[in-house]
Amino acid sequence: MTVLDPTASPLWPALHEHARRLPSLADLLDADEQRYEHFRVVAPRMQLDLSRQRWDSDVRRDLVALAEAAGLDAARTQLFTANRFNVSENRAVLHTALRAPAGERIDLDGMDVVIAVQDALARMRDLSESVRTGTWRGATGRAIRDVVNIGIGGSFLGPALVCDALGPTSGPQVHFLANIDGEEAARLLPRLDPTRTLFIIASKSFGTLETQVNARTVRAWLLERGIATKDLRRHFVAISTNIPAAAEFGLPEANLLPLWDWVGGRYSVTSTIGLPIALGHGFRAFERLLVGTRAMDEHFRDAPLSANGPVLLALVELWNQNVLGTESHAVLPYARALELLPDYLQQLEMESNGKGVRRDGTPVTTRTGTILWGNVGTNGQHAYHQLLHQGTAPFSAEFILPLDPGHALAEHHRWLAAHCFAQAEVFARGRGQASVQAELQAKGMTPHAARAAASHRAMPGNHPSTLVLLDDLAPESLGALIALHEHKVFVQGMIWGINSFDQWGVELGKVLGTTIHDALASGDDAAIRDTITRDLIALFRARAGSD
Ligand code: F6P
């Protein structure tokens, strides 16, 4: 398989040439009063303001041409039909089928995946409704009051993001048990009534260590608290592609919801992995999430590349990183409801595109993947924004602001929006030393003192940012926001020529972790090669002991 090397394209030096000729962001903003209109993209449930990116229409044109040269037009169509994008695992990539309307047909290896999805959705609806209406009862005949999702990575971050964003549940309380750190289980379990709790084992592989250990701990906890083995089925359901392993855990077929290998873990929030959303907020809320993702899917598939939200977001961040040289990307939701968005996007972007070889196995020749981090505004302003404004590390940012916050505290929302807009403006324009000095002198400072003080107060600006103005925090908008980023990652992966759908890099640590665990438990460190690790094992055994 030959894969285009973007850096070998004549467009690559042309883009670097653009970067050399472009003035500062402040000058670009001053030169075009209509810049907001020129760089605004309307997409489902949102508008993207790309006017504070350090680019112009020539850069945008050449970036779109780069995407075309990478075959993006055909690739985005293929994302909606049978494909084998995940070459290293020989798997299709079809998370878009999870949101396809009933009746559409997508054949993969002799199976109509839309029918499989619709069947799974019907089972999800029945299960969630039976729990929410109290038809599903625990071992002692009482209705379920708490739901605990046991899962990690993609089997955790998406449902956790959406459940948190939707606020208080209209059904059982939903909790998440992800980390192998016993602190999580130790804090959560005492707060639960075992007779009224339903545990979801969410694991595509049904082999992930953290999930397995947490599930075993929970099963032992239920048994210790008097739930009979035969009644465990009233307290566990599982979501997995690995039905035999789930069955081995002791769950009957009726308690297992399917998942498929053509859904990557980090692309699975709109699959059965979204069950906690349906349980906590109702199946209708989950369906509305699908409506939003579908709307963004269609926009991505059908809109011209030059007016396409996910495409332009991907291109401008590729430009920032590969041409302008930004080193990290801050995701700054001005919405408490989106507090978990940076965590979710870290897996989506960094597990997908943190790759060093292209799809054909040849090394990449430019920086791929993006170091992504962030937290909600305005909290971040009182923490890391100092570094952003006056530090030396180049970054780009993505602000997200819901126009309708879904609460009635209008003054709060005005302040929140004001600070969001202010930060974006200061990132872009900064504040020149001469103007600070003039201001200080006007207030009576001597020129000498004003010059010295101004050097500490000036800020360079010229930091690119996107503002995502989300209509609101309704499930449809959350779905659109999620799909926006899924497709952004896809576009970047296509241009870099990498496989965005495998994650071999996480495997070695898992294997070594198991070897070290065995040595910690047994004291036999013969299998440990690294002398420092051996010393650490000895120290740990001496201080923490073993079972
Ligand atoms: O270790 C990485 C990973 O495989 C992720 O890609 C995945 O989302 C997570 O682990 C959980 O996997 P599973 O759903 O199979 O338990």
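The values are calculated or read from the model by the stated rules, or taken from the named source; none is laboratory data. Quick caveat: nothing in here was measured; it's all calculated off a predicted structure. Counting neighbours? That spans all protein chains shown, and the Cβs are built from the backbone with ideal geometry, glycine included. Accessible surface is based on the protein model in full, side chains and every heavy atom, while ligands, DNA and RNA are left aside. Shrake-Rupley method; radii C 1.70, N 1.55, O 1.52, S 1.80 Å.
Is it the case that region 150-169 has a residue that's within 16 Å of the ligand (Cβ to nearest atom), in a loop (DSSP other than H, G, I, E, B) and touching a strand residue (DSSP E or B) at 6+ places or on another chain (Cβ under 8 Å)? Explain how you work it out, then say what you get.
Going residue by residue through region 150-169, those that are within 16 Å of the ligand (Cβ to nearest atom) are 150-162.
Subsequent filtering for residues that are in a loop (DSSP other than H, G, I, E, B) retains 151-152, 156.
After this cut, where a residue has to be touching a strand residue (DSSP E or B) at 6+ places or on another chain (Cβ under 8 Å) as well, the list is 151, 156.
Yes: region 150-169 contains one or more residues that are within 16 Å of the ligand (Cβ to nearest atom), in a loop (DSSP other than H, G, I, E, B) and touching a strand residue (DSSP E or B) at 6+ places or on another chain (Cβ under 8 Å).
Kindly state which helices (runs of 4 or more DSSP H) lie completely within region 184-295 and contain at least 3 residues that are modelled with pLDDT of 95 or more.
Per the criteria, 209-224, 275-281.
Within region 96-105, is even one residue of a type in the set (S, T, N, Q), under 24 Å from the mean Cα position of the chain (by Cα) and assigned to a helix (DSSP H, G or I)? Quick ask: steps written out before the conclusion?
Within region 96-105, the first condition is being of a type in the set (S, T, N, Q), and the residues that meet it are 96.
Right, trim to under 24 Å from the mean Cα position of the chain (by Cα) and you get 96.
Subsequent filtering for residues that are assigned to a helix (DSSP H, G or I) retains 96.
Checked against the condition, which is being of a type in the set (S, T, N, Q), under 24 Å from the mean Cα position of the chain (by Cα) and assigned to a helix (DSSP H, G or I), region 96-105 yields at least one hit.
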- Task: Enumerate the pairs (first residue in region 344-371 and within 21 Å of Leu4 (Cβ to Cβ); second residue anywhere and at pLDDT below 95 and among the acidic types (Asp, Glu)) with beta-carbon separation below 9 Å, excluding pairs fewer than 6 apart on the same chain, so at least 6 apart or on different chains.
- Result: Arg358/Asp5; Thr362/Asp5; Val364/Asp5; Thr365/Asp5; Thr366/Asp5
- Query: In region 234-255, which residues are open to solvent by 20 Å² or more (accessible area, probe 1.4 Å) and under 29 Å from the mean Cα position of the chain (by Cα)?
  - Reply: Thr241, Asn242, Ile243, Ala245
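Is it true that some residue in region 530-545 is open to solvent by less than 70 Å² (accessible area, probe 1.4 Å), assigned to a loop (DSSP other than H, G, I, E, B), within 16 Å of the ligand (Cβ to nearest atom) and of a type outside the set (Val, Ile, Thr)? It would help to see each step written out before you state the result.
The first filter runs over region 530-545 and keeps only residues open to solvent by less than 70 Å² (accessible area, probe 1.4 Å), leaving 533, 537-538, 544-545.
So of that shortlist, the ones also assigned to a loop (DSSP other than H, G, I, E, B) come out as 545.
Okay, now just the ones that are also within 16 Å of the ligand (Cβ to nearest atom), so none.
No, because not a single residue in region 530-545 is open to solvent by less than 70 Å² (accessible area, probe 1.4 Å), assigned to a loop (DSSP other than H, G, I, E, B), within 16 Å of the ligand (Cβ to nearest atom) and of a type outside the set (Val, Ile, Thr).
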- Query: Looking only at residues in region 170-183 that are hydrophobic (A, V, I, L, M, F, W, C) and part of a loop (DSSP other than H, G, I, E, B), which one is farthest from the chain's Cα centre (by Cα)?
  - Reply: Ile180
- Could you list all residues from region 196-232 that are within 16 Å of the ligand (Cβ to nearest atom) and among the aromatic types (Phe, Trp, Tyr)? Phe199, Phe206
- Quick one: His175 ticks every box in (1) within 11 Å of Pro276 (Cβ to Cβ); (2) in contact with a His (Cβ under 9 Å, 6 or more places away or on another chain); (3) of a type outside the set (S, T, N, Q); (4) more than 16 Å from the ligand (Cβ to nearest atom) bar one, so which box is it? (2)
- Query: Residues of region 385-397 being surrounded by fewer than 16 Cβ atoms within 10 Å (Cβ to Cβ) and without any contact (Cβ under 8 Å) to a residue 60 or more places away in the chain, which ones?
  - Reply: Gln386, Leu387, Gly391, Thr392
- Answer yes or no: is there a residue in region 280-288 that is within 16 Å of the ligand (Cβ to nearest atom) and surrounded by fewer than 24 Cβ atoms within 10 Å (Cβ to Cβ). no
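If you check Asp231 against the conditions, is it open to solvent by 10 Å² or more (accessible area, probe 1.4 Å), in the same structural domain as Asp112 (by TED's automatic domain parsing), under 25 Å from Gly509 (Cα atoms) and of a type in the set (D, E, K, R)? If you could, list the steps in order and put the result at the bottom.
On the way: open to solvent by 10 Å² or more (accessible area, probe 1.4 Å): yes; in the same structural domain as Asp112 (by TED's automatic domain parsing): yes; under 25 Å from Gly509 (Cα atoms): no; of a type in the set (D, E, K, R): yes.
Answer is no for this residue.
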- Note on the structure: Per the filter on region 435-472, residues small (Gly, Ala, Ser) and either assigned to a strand (DSSP E or B) or farther than 29 Å from Asp49 by Cβ (or both) are Ala438, Ala442, Gly444, Ala449, Ala450, Ala452, Ala453, Ala454, Ser455, Ser465
- Could you grab the pairs with beta carbons closer than 7 Å, sequence gap of 6+ or different chains, first residue in region 102-118 and under 16 Å from Phe85 (Cβ atoms), second one assigned to a helix (DSSP H, G or I)? Ile106/Ala97; Ile106/Val113; Ile106/Val114; Val113/Ala97
- Item | Test: residue in region 268-276 that is buried (at least 20 other Cβ atoms within 10 Å of the Cβ) and farther than 30 Å from Leu484 by Cβ | no
